[in-house]
Amino acid sequence: MSDTPQIDRQLLRPGTRVAVAVSSGADSVALLRALIEAAPEIGLVLSVAHVHHGIRGAEAEGDAEFVAALAAEWDLVFHRRDVDTPTVARANRETMEEAARNLRYAWFRELLESGEADAVATAHTLDDQAETVLHKLLRGAWTEGLGGIHPVVKCARGAILRPFLGTRRAEIDTWLWAISQPWREDASNTDTAFTRNRLRHELLPTLASYNPRIYSQLANMAMIARDEDAYWQAEVGRILPSLALPGKPVRGGGRVASTHPDDASLAFEIERLPQSLAMRRRILRAAARQLGTALNFDQTERLMAMLGPGAARRQTLTAELHAERTPREIRLVRRKA
């Protein structure tokens, strides 16, 4: 018989009430079964959480009934949430995938905040990590994006855990067959109209023909990126408060900031900025985030160019964020459109 897929036990503490997110697919069913095996030894209190996304009609209802029966089979509390993903996607101008994910995680946080669980465990695998990192790389992510799926996401109360993040999907399928545990296939997982499915079924297998270890290599890069980004965030958090100046200077000394609720600005004396390009870039991006804007690569580089000699005096970075350069300062200004 195949061995039970490895779970990251360092994420699990005795006495923790873990709601296992189960969609009815192989990965989440395997996570539930693996945690059921480990629960007596670790001292976990398990329950099952399922979201009916309101997308796939009778097939989705069948998924919910399957998960409810699985929870009953193991005498576990079953949490179910029904949501109208298509309506929310239209209202928020999101893709169906984005809306479904946001609704799902909003409910997970509700479960934690209500005190019904101390943690929610999701069944993201090493394959999911590789797909996520590659997807974000193709979309031009910074290092924080290349960190991919985090093993632990801390919430206001409790946390979301990914105990399967070091486990390959093939190991999971083999084990489920070995223990005769059924699961349900979601037909949309093979629909190559979705970018993630094209990555899963087309691009990653092609890359694996060049390097069979591409999945673990991408997962390793994610770990390095997370650690690097944590270091830089700490450094920026330490340095930024001593450099950022609110508002703009006035004659006679001092500074004045707008009192309008939709206006805000931060300035930096150019001579006081660190010489390191990496630190400068992160400081400027962090300042933009404080003003409510996430800068992309091109916008950041335009801002960096303003620090050099003969630079433009003004730049419109986004509809709401503008940059102004004086002989001594560079200033970011947010004006609501």
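The values are calculated or read from the model by the stated rules, or taken from the named source; none is laboratory data. Keep in mind that what you see is a predicted model, and the values were worked out from it rather than measured. A quick note on method: Cβ atoms are made from the backbone with ideal geometry, for glycine too, and the neighbour counts reach across all protein chains shown.
Return only the number of the condition from (1) in contact with a Phe, Trp or Tyr (Cβ under 9 Å, 6 or more places away or on another chain); (2) more than 22 Å from Glu65 (Cα to Cα) that Arg109 does not satisfy.
(1)
Pairs please, first residue from region 313-327 and assigned by TED's automatic domain parsing to the domain that holds Thr300 and surrounded by fewer than 17 Cβ atoms within 10 Å (Cβ to Cβ), second anywhere and among the polar types (S, T, N, Q) and assigned to a strand (DSSP E or B), Cβ atoms under 6 Å, 6+ apart in sequence or on different chains.
His322/Thr316
Determine, yes or no, whether Ala49 is over 30 Å from Asn211 (Cα atoms), crowded, with 16+ Cβ neighbours inside 10 Å, touching a residue at least 60 places away in the same chain (Cβ under 8 Å) and in contact with a strand residue (DSSP E or B) (Cβ under 8 Å, 6 or more places away or on another chain).
Details: over 30 Å from Asn211 (Cα atoms): yes; crowded, with 16+ Cβ neighbours inside 10 Å: yes; touching a residue at least 60 places away in the same chain (Cβ under 8 Å): yes; in contact with a strand residue (DSSP E or B) (Cβ under 8 Å, 6 or more places away or on another chain): yes.
Answer is yes for this residue.
So which pairs qualify, if the first residue must be in region 261-283 and at positive phi, the second must be surrounded by fewer than 18 Cβ atoms within 10 Å (Cβ to Cβ) and small (Gly, Ala, Ser), the Cβ gap must be under 9 Å, and the two must be at least 6 apart or on different chains?
none
Give me a count of the residues in region 283-330 that are assigned to a loop (DSSP other than H, G, I, E, B) and in contact with a Leu (Cβ under 9 Å, 6 or more places away or on another chain). Break it down stepwise before answering.
So in region 283-330, the residues assigned to a loop (DSSP other than H, G, I, E, B) come out as 291-296, 306-313, 317-320, 326-328.
After this cut, where a residue has to be in contact with a Leu (Cβ under 9 Å, 6 or more places away or on another chain) as well, the list is 291-293, 295, 307, 317-318, 320.
The qualifying residues number 8.
Which one of these does Lys154 not meet: (1) in contact (Cβ under 8 Å) with a residue 40 or more places away in the chain; (2) within 22 Å of the chain's Cα centre (by Cα)?
(1)
When Ile179 is evaluated against the numbered criteria (1) within 30 Å of Leu295 (Cα to Cα); (2) of a type in the set (Val, Ile, Thr); (3) touching a residue at least 60 places away in the same chain (Cβ under 8 Å); (4) surrounded by fewer than 18 Cβ atoms within 10 Å (Cβ to Cβ), which criterion, by number, is the only one it fails?
In the conditions (1) within 30 Å of Leu295 (Cα to Cα); (2) of a type in the set (Val, Ile, Thr); (3) touching a residue at least 60 places away in the same chain (Cβ under 8 Å); (4) surrounded by fewer than 18 Cβ atoms within 10 Å (Cβ to Cβ), Ile179 misses (1) alone.
Being outside any strand (DSSP E or B), surrounded by 16 or more Cβ atoms within 10 Å (Cβ to Cβ) and in contact (Cβ under 8 Å) with a residue 24 or more places away in the chain is the filter here, so list the residues in region 65-106 that pass it.
Answer for region 65-106, where residues must be outside any strand (DSSP E or B), surrounded by 16 or more Cβ atoms within 10 Å (Cβ to Cβ) and in contact (Cβ under 8 Å) with a residue 24 or more places away in the chain: Phe66, Val67, Leu70, Ala71, Leu76, Val83, Thr85, Met96, Ala100, Leu103, Arg104, Tyr105.
Among Thr190, Thr132, Thr195, Thr143, which is the only one that is in the same structural domain as Ile224 (by TED's automatic domain parsing), within 14 Å of the chain's Cα centre (by Cα) and closer than 29 Å to Asp82 by Cβ?
Details: Thr190 fails: within 14 Å of the chain's Cα centre (by Cα); Thr195 fails: within 14 Å of the chain's Cα centre (by Cα); Thr143 fails: closer than 29 Å to Asp82 by Cβ.
Going through Thr190, Thr132, Thr195, Thr143 in turn, just one is in the same structural domain as Ile224 (by TED's automatic domain parsing), within 14 Å of the chain's Cα centre (by Cα) and closer than 29 Å to Asp82 by Cβ: Thr132.
So which residues in region 189-206 are touching a residue at least 24 places away in the same chain (Cβ under 8 Å) and in a helix (DSSP H, G or I)?
Residues satisfying the conditions are Asn189, Thr195, Arg196, Leu199, Arg200, Leu203, Leu204.
So which residues in region 161-176 are aliphatic (A, V, I, L, M) and surrounded by fewer than 22 Cβ atoms within 10 Å (Cβ to Cβ)?
Initially, region 161-176 is screened for residues aliphatic (A, V, I, L, M), giving 161, 165, 170, 172, 176.
Answer for region 161-176, where residues must be aliphatic (A, V, I, L, M) and surrounded by fewer than 22 Cβ atoms within 10 Å (Cβ to Cβ): Ala170, Leu176.
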